[in-house]
1. Quick one: Glu10, Glu135, Glu127, Glu66, fewest Cβ neighbours within 10 Å first, how do they rank?
2. Charges on Cβ only, +1 for Lys and Arg, -1 for Asp and Glu, centred on the Cα centroid of the range 7-133; of Leu70, Ile52, Ile33, which one is farthest towards the dipole's positive end?
3. Express the relative contact order of the range 7-133 as a whole percentage, based on alpha carbon pairs under 8 Å and six or more residues apart in sequence.
4. What share of the DSSP beta bridges in the chain is antiparallel, in percent to the nearest 5?
5. What dipole magnitude, in Debye to the nearest 20, does the chain give about its Cα centre under +1 on Lys/Arg Cβ and -1 on Asp/Glu Cβ?
6. On C-alpha positions alone, give me the angle between the axis of helix 88-105 and the longest principal axis of the chain, in degrees, nearest 10.
7. If you stretched the chain out fully between Phe62 and Gln8, how much longer would it get, using 0.36 nm times the residue separation minus the C-alpha to C-alpha distance?
8. Hey, can you rank 23-34, 47-58 by average C-beta count inside 10 Å, highest first?
Amino acid sequence: MSEKSGFQFEDYVIRKSVFIINGKSDKHYETKINPSGIIHKNKKQFQLSLDIIVSDKDENHFINIESVALFTYKGDIQKIWDYFLTNAPAILFPYLRAYISSLTALSGTDTIILPTMNLTGLKQVLEENIQLIEE
């Protein structure tokens, strides 16, 4: 029988979803991702927030998605710290990517398919935006 990893993805939720169409898009989209997190030390949980904004140059198409994912972990925080910073965003992002594709496909406008992304560039920003709670 295989043993569970010390870092587990439990669930996610889309807390906010805004899609505004103001006209025809130039189909050149810019994506901004703002990560933050909360470590609940005594519960052995990590809560990752990823806020994504996708828009074209003139904001004729504007999407704002706010999401939260819950991860559980075992052991010492320092030993799995990189999982919080690199693995958690990489695990959550495909769900948000699919959500944005579905949302736009069903809207009667062109489907926006975000490219796969290497999110390691978010590592420093996320690390600066992690709060540790000793509850």
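1. Lowest count first: Glu135, Glu10, Glu127, Glu66.
2. Positive-end residue among those listed: Leu70.
3. Relative contact order comes out at 30 percent.
4. The antiparallel proportion sits near 90 percent.
5. 260 debye
6. Approximately 20 degrees, to the nearest ten.
7. The span from Phe62 to Gln8 would gain 16.2 nm if fully extended.
8. 47-58, 23-34
No lab work stands behind these numbers, since they all come straight from the coordinates. Because the structure is a prediction, the values reported are computed rather than measured. Using ideal geometry, Cβ is built from the backbone for each residue, glycine included, and neighbour counts are taken over all protein chains shown.
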